[in-house]
1. Compute the acute angle (0 to 90°) between the alpha-carbon long axis of helix 2-11 and the principal axis of greatest extent of the alpha-carbon atoms of the chain; round to the nearest 10°.
2. On alpha-carbon atoms, Rg over Rh for the chain using Kirkwood Rh?
3. Hey, if you put +1 on the Cβ of every Lys and Arg and -1 on every Asp and Glu Cβ in the stretch 1-69, which of Met1, Cys66, Val22 ends up farthest toward the positive end of that dipole?
4. List, in the order given, every pair from Lys53/Lys112; Lys5/Lys40; Lys43/Lys103; Lys21/Lys156; Lys21/Lys102; Lys40/Lys111 whose Cα-Cα distance in the structure shown is over 21 Å.
5. Indicate the gyration tensor shape class of the stretch 1-94 (rounded, prolate or oblate), computed on the Cα atoms with a ≥ b ≥ c the square roots of the eigenvalues: a/c under 1.5 is rounded; otherwise a/b larger than b/c is prolate and the rest oblate.
6. Summing -39500 (n - 2.57) over the DSSP H runs of n ≥ 4 in the chain and dividing by its residue number, what mean residue ellipticity at 222 nm do you reach, to the nearest 500 deg cm²/dmol?
7. For the ranges 15-22, 128-135, what's the packing order if you count other beta-carbon atoms within 10 Å of each residue, average per peptide, and put the highest first?
8. Report, in degrees rounded to the nearest 10, the 0 to 90 angle that the Cα long axis of helix 60-72 makes with the longest principal axis of the chain.
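Bear in mind these aren't lab numbers, they're just calculated from the coordinates by the rules spelled out. Predicted model only: the values in this text are computed from it and were never measured. Every residue, glycine as well, gets a Cβ built from its backbone with ideal geometry; the counts of neighbours run over all protein chains shown.
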Amino acid sequence: MQLLKERILKDGTVKPGNILKVDSFLNHQMDIPFINELGKEFKRRFSDVPITKILTIEASGIGIACIAAQYFNVPVVFAKKAQSLNLDGDMYTTKVESYTHKKVYDVILSKKFLSAEDHVLIIDDFLANGCALLGLIEIVQSAGATLEGAGIVIEKGFQDGGQQIRDMGIRLESLAIIESMSDTSLTFR
């Protein structure tokens, strides 16, 4: 998606350790008209499959998933990274390692929000090593739901997460794939 690539080049910052900061428009401060265009693009790319739920993981994926969901006219459910007092009943759980936080989270989703009748689209902001996406896929499989695909805003194509997901036969649509990244440059696929 050319609009996204241009915005990454204009406002993104590369930090040591292959960290791409896009917090001025995507995952700290959110440019809603811009993210609205991302939502339209996800709808265009997944218009050929039935979607009944959009699934994401807290926190950065929630806003993007919500804006995309308005085009599918479906609810968003998100997996939480911590148990809280307002979570009750049966839960799907998995472990997910965060690339940027270097921490393993117990990810939780209430079983009442995802069932075998659902057709799920996973939406997230980044795909690097694939741990978060694999955790969400595990939750969809545990629910017996149908995974229709995954929509990622930015994929780090030089890491193995995207290839691992594609090798599983899962439809993966990334709006921008970064081929290489250094402290001074970015190249896209």
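1. Approximately 70 degrees, to the nearest 10.
2. On the way: Rg = 15.8 Å, Rh = 16.7 Å.
Reported Rg/Rh (Cα atoms, Kirkwood Rh): 0.95.
3. Met1
4. On the way: Lys53/Lys112 13 Å; Lys5/Lys40 16 Å; Lys43/Lys103 32 Å; Lys21/Lys156 13 Å; Lys21/Lys102 16 Å; Lys40/Lys111 29 Å.
Pairs exceeding 21 Å: Lys43/Lys103; Lys40/Lys111.
5. Details: a/c = 2.42, a/b = 1.28, b/c = 1.89.
Judged from the Cα gyration tensor, the stretch 1-94 comes out oblate (a/c at least 1.5, b/c at or above a/b).
6. On the way: 5 runs with 57 residues, N = 189.
Here the helix-only value at 222 nm equals -9000 deg cm²/dmol.
7. Details: 15-22: 13.6, 128-135: 21.9.
Answer by packing, highest mean first, reads 128-135, 15-22.
8. 70 degrees
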